[in-house]
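Report on the structure given below.
The values are calculated or read from the model by the stated rules, or taken from the named source; none is laboratory data. From a predicted model like this one, the values you see are computed outputs, not experimental measurements. Quick reminder, even Gly has a Cβ in these numbers, built from the backbone with ideal geometry, and neighbours come from all protein chains shown.
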Amino acid sequence: MEYRVVCERLDALEVQGWSRKVFAEADGYPLFMLQYSAPAPRPRLLIAAGIHGEEPAGVLGLLDWLERRAGAFIEAVDFTVFPCLNPWGFERGIRYDPAGRDLNREFNSPKHPAVAGFCAAVAGLRFDLFMDLHEDCDFYGMYLYEVAAGAQDTGASEPTLGRRILDACRSLVQLSDGEDTGGIATQDGMIAPPVTRDDLAEWDQWPIALYAYAHHTDHVVTIETPGKQPLELRRILHGKALDLACEHVIGRGRGSAQV
């Protein structure tokens, strides 16, 4: 994978009206943040991809979606997007940074420029939802993590956003069921641990999702598309998830403010 191609696609998005800026320099690469916003209060959606370099479909699926589908939502949603947080790893198909560090375990003690830069870029902001785009390279089935503060459902019979994403994708891909993901088993694609912010004090290695949950949002969905499936399919699955994320925050009908 060439990060140069990612940058060229970001150039084209800037021409289409997206605001692009370098929020950090890391391992010899510029890291970009995209925003699309308007003065009127709107629901805020935070999206990140590519913190693990061997998970390219999150980056590529996000770019596909920004080019082809995001236009349907830009009048109703305020976007903050980090399209590729680990370009060094992305180009080499490696999970880590050059020193062998997993950047997605550093968010309680930010040291790497990409991690520290992300934290600085979103400082003081609240979001209605954070979509964290990943892949599991060992899986044939899709799954996701969902963490939310309080009840997400508008009614007892209405599924959560994570459940709706999985149900929308099951016609295209099998869902992981009963498989171990580091001590937690998937259940028809879902992993929804009852994590509270008080619980986070016990974690010594925070991923970006828990950092966002601790400081910036009440609702996080981490997509894990199956790395053993074709790349094009995985890109499509990320796009479907983002469509439903936008519909979800629009349906909730509330904007967030700075804190």
Within region 200-232, can you find the residues that are farther than 19 Å from H52 by Cα and surrounded by 12 or more Cβ atoms within 10 Å (Cβ to Cβ)?
-> L200, W203, Y213, A214, H215, H216, T217, D218, H219
Take the residues in region 234-259 that are hydrophobic (A, V, I, L, M, F, W, C) and surrounded by fewer than 17 Cβ atoms within 10 Å (Cβ to Cβ), then tell me which one is modelled with the lowest pLDDT.
-> V259
If we scan region 36-43, do we find a residue that is more than 13 Å from the chain's Cα centre (by Cα) and under 29 Å from Q229 (Cα atoms)?
-> no
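Filter region 97-111 for residues that are touching a His at 6+ places or on another chain (Cβ under 8 Å) and within 12 Å of G53 (Cα to Cα); which is surrounded by the most Cβ atoms within 10 Å (Cβ to Cβ)? Let's see the steps before the verdict.
Our first condition is that a residue be touching a His at 6+ places or on another chain (Cβ under 8 Å); within region 97-111, this holds for 97, 101-104, 106.
Narrowing the set further to residues that are within 12 Å of G53 (Cα to Cα) leaves 97, 101-104.
Numbers: D97: 21, R101: 14, D102: 16, L103: 27, N104: 23.
Ranking the qualifying residues of region 97-111, first place goes to L103.
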Among the candidates F139, F107, residue that is touching a Phe, Trp or Tyr at 6+ places or on another chain (Cβ under 7 Å), of a type in the set (A, V, I, L, M, F, W, C), part of a loop (DSSP other than H, G, I, E, B) and within 28 Å of P194 (Cα to Cα) = F107
If you take the residues of region 24-75 that are among the basic types (K, R) and crowded, with 16+ Cβ neighbours inside 10 Å, which of them is nearest to P98 (Cα to Cα)?
-> R44
Which residue out of D97, D64, D132, D128 is of a type outside the set (A, V, I, L, M, F, W, C) and more than 15 Å from the chain's Cα centre (by Cα)?
-> D97
So D218 clears everything in (1) in contact with a Phe, Trp or Tyr (Cβ under 6 Å, 6 or more places away or on another chain); (2) over 17 Å from V81 (Cβ atoms) except one condition, right? Which one?
-> (1)
Do we find a residue being part of a strand (DSSP E or B) and among the β-branched types (V, I, T) anywhere in region 155-169?
-> no
Taking region 184-215, which residues are part of a loop (DSSP other than H, G, I, E, B), within 25 Å of H112 (Cβ to Cβ) and not charged (D, E, K, R)?
-> V195, W203, Q205, W206, P207
Across (1) farther than 16 Å from I47 by Cβ; (2) at pLDDT 95 or above, P194 clears everything bar (2)
Taking region 120-136, which residues are surrounded by fewer than 15 Cβ atoms within 10 Å (Cβ to Cβ), in contact (Cβ under 8 Å) with a residue 60 or more places away in the chain and either among the hydrophobic types (A, V, I, L, M, F, W, C) or in a strand (DSSP E or B) (or both)?
-> A120
Here are some conditions: (1) of a type in the set (D, E); (2) more than 25 Å from R252 (Cβ to Cβ); (3) buried (at least 19 other Cβ atoms within 10 Å of the Cβ). D78 meets all but one. Which one does it not meet?
-> (2)
